[in-house]
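Structure first, commentary second.
The values are calculated or read from the model by the stated rules, or taken from the named source; none is laboratory data. In this text, all values refer to a predicted model and were calculated from it rather than measured experimentally. Counting neighbours? That spans all protein chains shown, and the Cβs are built from the backbone with ideal geometry, glycine included.
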């Protein structure tokens, strides 16, 4: 799965859709699904040197945080990074791992559910 430029559509929903749809579409493809499963199968176990895994997660997290920060600067109420991981990225990866349906409609539904969630108070 190749890295794409970070979307900047002018709205958080637009950015999240433009970011999540290609991930879902790639994971839904035979090539993307095979690559994802190969990465999972060759990942070092917990406790082992996970520097490559951390580097990949850190890069992805930095991108997502930048997208969320841009939304906040526009005055939008953006979720925090953990909410984005838990409610959009993790479900996409779980669906890919277990052969569940994926695609743009799934990505749209996950993004819309995240956007519609009540915002937690700071520190809550």
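Among the residues of region 43-76, those identified as loosely packed, with under 10 Cβ neighbours inside 10 Å and either assigned to a helix (DSSP H, G or I) or modelled with pLDDT under 95 (or both) are 45, 46, 47, 48, 49, 51, 73. Among the residues of region 90-111, just one is in a loop (DSSP other than H, G, I, E, B), surrounded by fewer than 20 Cβ atoms within 10 Å (Cβ to Cβ) and under 15 Å from the mean Cα position of the chain (by Cα), namely 103. Take the residues in region 7-29 that are modelled with pLDDT of 85 or more and assigned to a loop (DSSP other than H, G, I, E, B); name whichever of them is nearest to residue 111 (Cα to Cα). Selected residue: 11. Which pairs turn up if I take residues in region 91-105 that are in contact (Cβ under 8 Å) with a residue 12 or more places away in the chain and at negative phi and look for partners that are in a loop (DSSP other than H, G, I, E, B) and surrounded by 11 or more Cβ atoms within 10 Å (Cβ to Cβ) with beta carbon separation below 6 Å, at least 6 apart in sequence or on another chain? Going by the 6 Å Cβ cut-off, the qualifying pairs are 95/102.
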